[in-house]
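Contents: one structure, followed by commentary.
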Amino acid sequence: MATAQNNNAATRQGKEQESRQGFVYLPLLVGWLVPGAGHFLLRKWGRGAFLSASIVGMFAVGLAMQGMLFTGVHQILDVLGLAGDLGNGLLYVAAQLLGLGADQVRVTTADYGTRFIVVAGLLNVIAAVDAHNLRTGRKS
Amino acid sequence: MFKPSHFAAVVLFALFASVVFGITMRETPRRMLHYGIYCFVLFVGSAVALSWVMFFIAR
């Protein structure tokens, strides 16, 4: 009984030491740049695939609905939209380079699309932080 | 241009958000699934309930 407890404690200590090695912010950074990649890096294939599909899907649906990408700050509230869009990482950069997204919101559907893109960015930040928590051992 | 109905937009939004919430907020696959379904029902249910409230206010 006591031996088993010692073994468990040693295993846990080993895992904690292992989690402290290397650059602990790498999954956070990679997960932010490419949705789901933080989990792939930690070999959480299933979770990464679902997260990637959801975030990329939401971003793509937003663009398909002629949603607008925030490019600059014209009004103070645009800062929030830009912050949300930047959460998409390389998706946002790629969409900007390819000239995707509408210049102006003209119909209700496009307004929904703009919110889809912002929320996809915010969800990606949550997913990247989750990858960081997995890396540090705060979550299993 | 993709033009979903308001309800379809709500369902899509709820689906994507619930998957991310379920995976990130719980630890075991079973609890992830339960929490994801719980979030989805709350998203769609609250949208439908608020829609009815606004319908009666507008009359």
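The values are calculated or read from the model by the stated rules, or taken from the named source; none is laboratory data. Quantities reported herein were computed from a predicted structural model and do not represent experimental measurements. All Cβ positions, even for glycine, are placed from backbone atoms using ideal geometry, and neighbour counts span all protein chains on display.
Brief remarks on what is shown
- With respect to the conditions (1) closer than 30 Å to A:Leu134 by Cβ; (2) away from chain A (no Cβ under 11 Å); (3) loosely packed, with under 11 Cβ neighbours inside 10 Å, B:Ala58 lacks only one, and its number is (1).
- Members of segment A:81-108 that are assigned to a loop (DSSP other than H, G, I, E, B) and not small (Gly, Ala, Ser): A:Asn88, A:Leu98, A:Leu100, A:Asp103, A:Gln104, A:Val105, A:Arg106, A:Val107
- A:Leu90 under 28 Å from A:Arg135 (Cα atoms), surrounded by fewer than 22 Cβ atoms within 10 Å (Cβ to Cβ) and within 14 Å of chain B (Cβ to nearest Cβ): no
- In the condition set (1) surrounded by fewer than 21 Cβ atoms within 10 Å (Cβ to Cβ); (2) under 27 Å from A:Pro27 (Cβ atoms); (3) at pLDDT 95 or above; (4) within 12 Å of chain B (Cβ to nearest Cβ), A:Ala120 is compliant with all but (1).
- Residue in segment A:49-59 that is nearest to B:Ala8 (Cα to Cα), counting only those that are crowded, with 19+ Cβ neighbours inside 10 Å and either in contact (Cβ under 8 Å) with a residue 40 or more places away in the chain or more than 9 Å from chain B (Cβ to nearest Cβ) (or both): A:Met58
- The set of residues in segment A:93-111 being surrounded by 14 or more Cβ atoms within 10 Å (Cβ to Cβ) and not acidic (Asp, Glu) consists of A:Ala95, A:Leu100, A:Gly101, A:Ala102, A:Val105, A:Thr109, A:Ala110.
- Look at (1) closer than 30 Å to A:His132 by Cα; (2) within 11 Å of another protein chain (Cβ to nearest Cβ) and you find that B:Leu42 fails only one, number (2).
- The condition (being more than 11 Å from every other protein chain (Cβ to nearest Cβ), at pLDDT 90 or above and under 14 Å from A:Leu28 (Cα atoms)) is satisfied by just one residue among A:Thr136, A:Thr114: A:Thr136.
- Segment A:61-86 residues that are within 14 Å of chain B (Cβ to nearest Cβ) and surrounded by fewer than 21 Cβ atoms within 10 Å (Cβ to Cβ), paired with ones that are in a helix (DSSP H, G or I) and small (Gly, Ala, Ser) (beta carbon under 9 Å, 6 or more apart): A:Ala64/A:Gly113
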